[in-house]
Amino acid sequence: MVNQSHTESEDLLLQVDGLNVWYGSNQVVRDVHFQLRRGQALALIGESGSGKSTITKAILGLLPEGLGHAEGQAIFEGQNLLKLSQRGLRQFRGTELGYIPQDPGTALNAVRTIGSQAHEAASLTGVTDNKEQRQLILQAFEQVGLPEPQRVYDSYPHQLSGGMLQRVLIALTVLPRPALIVADEPTSALDVTVQKIILDLLDELRTSLNIGLLLITHDLALAAQRTDHLVVLRQGQVQESGTSSQIFENPQTEYARKLLADVPSLNTERYRDARGPLNDSSAHKKDAIYVEDVVRHFGHSAELVKAVDGVSFEVKRGSTHALVGESGSGKTTTVRMIVGLETPTAGRIFLSGQDLTKRSTKDWREARRQLQLVYQNPFASLDPAWSVAKIIAEPLARLKYGSRAQQKVRVREVLAEVGLDESFLSRRPAQLSGGQRQRVAIARALSLRPEILVLDEPTSALDVSVQADILDLLAVLQREHSLTYLFVSHDLALVRQVADTVSVMRRGVVVESGTTQKIFENPEHSYTQTLISSVPSSRGDVTQGVQEQSPSHIYAGAIA
Amino acid sequence: MGYTVSVRLSGYRNLVLSRLGQGVLVIFLAYVLSFIVVSVLPGDAITNALHDPQSGLSEEDIARIVAFYGLDKPVLIQLLLALGRFVTGDLGISLQSGLPVTDLVFDALPSTTFLALTALILALVLAVAIAVGVHLLPSGAAGILRSVPSFFLSVPNFVIGLVLISVFGFTLHTFTITEPNAPVATFFAALTLAIPVSAPLAEVLISSLDVEARQDYALVARSRGLSRVNVFAQHLLKPSALPSVTMVALLIGELLGGAVITETIFGRNGVGTLVQRSVGAGDQPVLLAVVVLSAVVFVLVNLIADLSVPLLDPRTSVTKKKKAVVS
């Protein structure tokens with residue numbers, strides 16, 4: 001896409017050529033090039049470590065001082081941004097170059113009101129009068145669909161939800177009418193329904209104000225849906241670039257093909273063949289998990305929070321049940337009750353026919369053996385000071401499984417099952433990649449031969465290709481050991497791939513439940529419909545093309 | 001989609017009441033503990049002091065003091081008597097001079113208060129100057145400045161005092177040590193006290209500035225075209241100052257302890273010298289009074305700090321009636 005057309009050169013907003021970035025002596029970006037036209041959207045796609053965020057920081061001159069160093073060209077309005085001093089860059093920042101950060105929760109100063117920070121943006125418009133500035137701010141808030149702009153103006157950041165804060169940040173970025181907005185994963189910290197609203201808003205502002213959008217994302221489906229051009233990055237280098245439809249219909253590189261194949265929303269049937277259909281639809285207390293009218297309230301009468309308010313579902317042995325919901329839906333509290341970290345206010349929970357709510361402390365040991373938990377974030381769930389061998393052996397030692405020698409044998413066994421060789425035994429978590437860490441976490445959970453695994457967003461902290469590897473592994477393990485999975489997730493595309501049955505939770509109640517096929521193809525509740533339609537999926541024809549070409553490497557057992 | 005949540009005003013009132021209660025309890029316990037330490041010390045110190053020929057007290061004086069303290073009664077009764085006097089504000093009579101302890105303490109107090117406050121202000125100025133320098137100076141100078149607090153902390157208070165006296169008092173004649181209450185002499189005494197106190201404060205400020213500077217909002221503020229100085233002054237300073245408020249309150253103890261040494265070195269009359277004389281003479285009622293006074297000051301300052309943090313930090317929402325927008 002270099003030198004596409006000379007006639008459009010007036011529309012050319014940003015031209016990046018030969019961009020190299022170093023952190024110290026470590027080169028993290030190599031010879032990156034792309035161009036962006038006014039009013040268009042371009043996505044930089046890549047996994048963590050691909051250099052996509054570094055590229056945008058280099059363009060904005062926001063690399064950490066003294067550490068980061070950029071060379072090459074980033075021509076914007078006739079000037080090479082990389083050669084400008086901080087003072088020189090300041091004339092562009094805010095006024096011409098807008099920046100929307102990843103996590104709206106940390107992007108505003110917590111001890112200042114939103115209004116006081118908004119004036120920083122408003123003063124970039126050239127308006128100096130305080131009242132006029134405020135008028136502009138309130139208008140901008142209204143433009144991005146914030147209810148009660150005045151109250152938002154008076155609020156502190158912690159008083160608004162993540163979605164509202166991201167609207168505030170977009171409003172402040174758009175307020176001085178910049179020509180280019182750089183958005184660094186602007187929706188990855190938000191719930192899926194909010195995500196759609198924010199992206200729609202960005203699209204609308206981009207077309208109506210003729211702004212160029214440089215979108216950084218790891219989500220290919222989102223990039224395909226929202227941008228005109230894609231640049232696929234890997235380890236700081238451009239793998240492939242072109243129009244979005246080109247790349248989706250006919251990816252040229254092996255890497256792009258693999259990336260596309262790993263995106264859950266583009267490959268909904270990926271694990272379908274691996275499992276048989278569920279015939280028995282009746283609920284029994286003998287099921288692996290049977291939850292009956294469980295209630296959990298917090299606080300006192302005046303400020304009662306009904307975190308879980310009458311939830312029932314059951315999970316058949318050997319199947320995968322997904323608990324789906326946005327933040328605040330009560331899914332985490334429900335899981336905490338099942339694993340015994342929380343006591344239900346009312347209701348009953350059965351594990352393999354045994355009433356968990358009536359258990360004595362001694363029985364809890366047996367329950368723990370039967371049911372293990374894999375946590376969301378493998379970067380936080382492993383003790384950094386422990387070796388892999390010690391981490392995996394911990395539950396064995398705790399529940400006095402056999403002799404020392406038997407425990408050692410079991411550790412090796414289970415490590416092999418998750419696809420890691422014995423050289424890992426002596427390593428510490430810091431020496432492992434994210435995928436390897438999650439494998440160790442799974443090995444730890446499996447060491448006691450549990451029947452049920454509770455998987456709390458097990459892949460949300462991982463890159464999409466690593467996520468695919470972990471899901472492959474989980475599918476194999478489930479088949480071999482007829483494990484029952486309770487899968488907690490906010491990622492509907494992922495759920496569609498892996499779950500047999502689904503319960504959709506909202507505000508502490510299950511609004512809809514059923515087989516995955518029924519929920520996704522024929523959702524009855526309006527909330528479920530909204531959730532499903534919010535998932536960024538591809539344009540239909542593109543999806544077909546991808547599926548036909550996707551290499552079938554399921555269960556390849558590649559080590560993350 | 002927004003509804004309001006109002007935080008009750010009573011939240012803050014409850015906080016004030018519970019902190020006040022805790023403060024009173026601490027002062028009471030400090031008094032009882034000091035009393036017990038004084039009473040169980042070997043060799044009946046009060047009687048020794050009274051019968052010291054140098055005390056210059058007549059037999060009648062001694063009889064009066066013995067009766068006043070109930071020294072012929074069991075320790076528990078003595079404690080109850082002392083507590084009874086304490087709550088009415090009567091701190092007893094000095095064994096050394098026969099003067100009421102209240103008078104002695106209140107005579108010494110203004111000089112020490114002035115010294116301590118001057119030192120506190122100097123310490124704040126020093127700490128802020130160091131922290132600002134570390135963050136805004138070029139990296140070379142900032143690196144040197146970064147090591148200043150640990151240097152300050154490693155030099156004992158009395159060494160600083162002696163160095164300042166020998167350099168500015170004897171060599172440069174900036175002040176004369178025979179006039180310890182002159183403004184310049186007071187300044188150097190306060191500086192002696194301020195230097196070690198400023199060090200932990202500067203450390204806390206520097207590290208919270210480091211943390212805040214790494215936050216996303218600092219980057220976003222820069223992307224809005226703010227200069228480094230503006231980001232520092234408008235964004236980083238306030239959140240970084242919050243932990244320092246608690247630190248200042250804790251350093252008051254350091255200030256009080258340092259005052260004893262500083263006043264002795266600079267020959268100032270104050271609570272510090274009163275303590276020094278009383279320790280030498282075993283004048284226990286005075287010591288007890290100073291301990292309790294220190295406890296009161298410490299408790300009060302920490303109370304103020306505890307109560308002001310929620311007012312300064314909007315995230316601790318006990319502050320005032322607020323409306324939160326939730327979606």
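Read-outs throughout are calculated quantities, based only on the coordinates presented, and are distinct from any laboratory measurement. Computed from a prediction, not measured in an experiment: that's the story for all the values here. Because the Cβ atoms are built from the backbone with ideal geometry, glycine has one as well, and the counts that use them run over all protein chains shown.
Just a few scattered comments:
- Whole-Å distance, taken between Cα centres, linking the range A:41-103 and the range A:416-484: 37
- Residues whose amide H falls under 5 Å from that of A:Thr484, counting only those 5 or more places apart or on a different chain, are A:Gly318, A:Ile452, A:Leu453, with hydrogens built in the peptide plane.
- Charge dipole (debye, nearest 20) of the range A:7-257; +1 at Cβ of Lys and Arg, -1 at Cβ of Asp and Glu: 500
- Nearest 10 degrees, 0 to 90: helix A:162-174 Cα axis against chain A principal axis: 10
- Pairwise centroid distance, computed over Cα atoms, of the range A:129-193 with the range B:62-108, Å: 67
- Magnitude of the charge dipole, chain B, Cβ model with Lys/Arg +1 and Asp/Glu -1, debye to 20: 2080
- Under 5 Å from the amide H of A:Gln237 lie the amide H atoms of A:Arg30, each residue being 5 or more positions distant or on a separate chain, with H modelled from the backbone and absent for Pro and chain starts.
- Positive dipole terminus of the range A:90-181, leading residue within A:Leu160, A:Gln139, A:Leu180 (C-beta point charges): A:Leu180
- Put a dot 7 Å past the Cα of A:Gln27, heading toward its Cβ, do the same for B:Asp210, and the two dots end up 3.2 nm apart.
- Sequence-ordered 3J(HN,Hα) estimates for the range B:127-136 from the Karplus curve with 6.51, -1.76 and 1.60 and θ = phi - 60° stand at 4, 5, 4, 4, 5, 5, x, 4, 8, 10 Hz, glycine and proline given as x.
- Extending 7 Å from the Cα toward the beta-carbon at both A:Ser53 and B:Thr88 defines two label points whose distance is 6.9 nm.
- Applying both filters, DSSP loop and at most 12 other Cβ atoms within 10 Å, to the trypsin sites (Lys or Arg not before Pro) of the range A:398-468 gives A:Lys400.
- FRET efficiency for the pair B:Phe170 and B:Phe106, taken as 1/(1 + (r/R0)^6) with r the Cβ-Cβ distance and R0 = 51 Å, rounds to 0.90.
- Quotient of the Cα radius of gyration of the protein assembly as shown and 2.2 N^0.38 Å, N being its number of residues: 1.20.
- Cut-off under 5 Å, modelled amide H: who pairs with A:Met505 long-range: A:Val324, A:Gly325, A:Val511
- For the range A:7-257, the relative contact order works out to 28 percent when only alpha carbon pairs closer than 8 Å and six or more residues apart are counted.
- Electrostatic dipole magnitude of the range B:223-305 [Cβ: Lys, Arg +1; Asp, Glu -1; Cα centre; debye, to 20]: 460
- For the range A:293-318 versus the range B:165-192, the gap between their alpha-carbon centres in whole angstrom: 71
- Exposure proxy shown here: for B:Asp210, A:Asp200, A:Asp469, the number of other Cβ atoms within 10 Å sets the order, fewest to most, as A:Asp200, B:Asp210, A:Asp469.
- The fewest-to-most ranking of A:His33, A:His218, A:His300, A:His321 by surrounding Cβ atoms within 10 Å reads A:His300, A:His33, A:His218, A:His321.
- Greater than 26 Å apart at Cα, pairs in A:Lys196/A:Lys331; A:Lys286/A:Lys331; A:Lys52/A:Lys83; A:Lys358/A:Lys400; A:Lys52/A:Lys196: none
- CD proxy at 222 nm, helix term only [per DSSP H run n ≥ 4: -39500 (n - 2.57); per residue of the protein assembly as shown; nearest 500]: -15500 deg cm²/dmol
- Ranking B:Ile130, A:Pro450, B:Ala295 by Cα position along the charge dipole of the protein assembly as shown, where only Lys, Arg, Asp and Glu carry charges on their C-beta atoms, puts A:Pro450 farthest toward the positive end.
- The ranking of A:Leu62, A:Leu67 by Cβ neighbour count inside 10 Å, starting from the fewest, reads A:Leu67, A:Leu62.
- Scalar couplings 3J(HN,Hα) for the range A:260-266, obtained by applying the Karplus form with A = 6.51, B = -1.76, C = 1.60 to θ = phi - 60°, are 5, 5, 8, 6, x, 5, 9 Hz; x denotes Gly and Pro.
- For the peptides B:77-85, A:488-496, the ranking by packing is A:488-496, B:77-85, with the highest mean count of neighbouring Cβ atoms within 10 Å listed first.
- The angle separating the long axis of helix B:10-40 from the principal Cα axis of greatest extent in chain B is about 30 degrees.
- Multiplying the residue separation of B:Leu300 and B:Asn269 by 0.36 nm and removing their Cα-Cα distance gives an extension gain of 8.7 nm.
- Value of relative contact order over chain B, rounded to a whole percent, pairs C-alpha under 8 Å and six or more apart: 32
- For chain A, the longest principal axis of the alpha carbon atoms and the long axis of helix A:388-398 meet at an angle near 40°.
- Peptide A:151-159 has a mean shielding of 4, counted as Cβ atoms of other protein chains within 10 Å of each residue's Cβ.
- The simple spin-label model puts a point 7 Å past each Cα toward its Cβ; for A:Thr345 and A:Gln237 those points are separated by 5.8 nm.
- Segments B:61-73, B:195-207, B:87-99 sorted - mean Cβ within 10 Å per residue, highest first: B:195-207, B:87-99, B:61-73
- Fraction of antiparallel bridges per DSSP, chain A only, in percent to nearest 5: 55
- Computing FRET efficiency as 1/(1 + (r/R0)^6) for B:Val184 and B:Leu117, where r is the C-beta to C-beta distance and R0 is 22 Å, gives about 0.85.
- GluC sites (Glu not before Pro) lying in DSSP loop within the range A:349-439, provided at most 16 other Cβ fall within 10 Å: none
- Karplus 3J(HN,Hα) series, Hz, for the range B:240-246 with 6.51 cos²θ - 1.76 cosθ + 1.60 (x for Gly, Pro): 6, 6, 4, x, 5, 4, 5
- Legend: calculated FRET efficiency, B:Ser139 to B:Leu312, from the Cβ-Cβ distance at R0 = 30 Å, rounded to 0.05, equals 0.45.
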